[in-house]
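The numbers here are math on the coordinates, done by the rules we state, and not lab data. Remember, it's a predicted structure, so these values are computed and weren't measured experimentally. Heads up, the Cβs are rebuilt from the backbone with ideal geometry, glycines too, and the neighbour counts pull from every protein chain shown.
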């Protein structure tokens, strides 16, 4: 983020896009922590590492026998890394400032390990996935076809479960819009 500290941006969205690009290259993801004074017209946007929250254990786990419990691992490590996007009222521009500590976890080699980037990649290819599924191609074979047909390096990390989730999300959107599934 130090490379952005001398740059200015026309909007906080543009500053966030620049921060996200650097974060993706470095192996982490950013999430909006808060906006001040309000979410509609912020003059201060605080970004945190996507692993920056604390894990909250489920109270019902103690009641469930160990062999019946779900695997509830978390990626939340209370990472203290923060970035502030500040609006300069005089110049009418946004600047980026480091606002917290260093990461307390290792960086990932693939962007697909972060839910945010995986969702972006799947949104880019959703139309092709639905088309292949409607043509009768099974999710496992959709993975193979996408990897072979599309020159997107992020597709190396997908599997059939991600395809299933993408199709389920598409069905939900279609039903909410009043259409029958997968039209």
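Data overview
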item	result
Relative contact order (%) - the chain, alpha-carbon pairs under 8 angstrom, separation at least six	19 percent
Gyration tensor (alpha-carbon) shape descriptor, segment 112-176, a/c threshold 1.5	oblate
Order of 30, 167 - criterion: other Cβ atoms within 10 Å of each residue's Cβ, fewest first	167, 30
The chain: calculated mean residue ellipticity at 222 nm from DSSP helix runs of at least 4, using -39500 (n - 2.57)	-11500 deg cm²/dmol
Cα centroid of segment 10-27 to Cα centroid of segment 102-139, whole Å	19 Å
Kirkwood-type radius of the chain, with distances r between different C-alpha atoms, in Å	19.3 Å
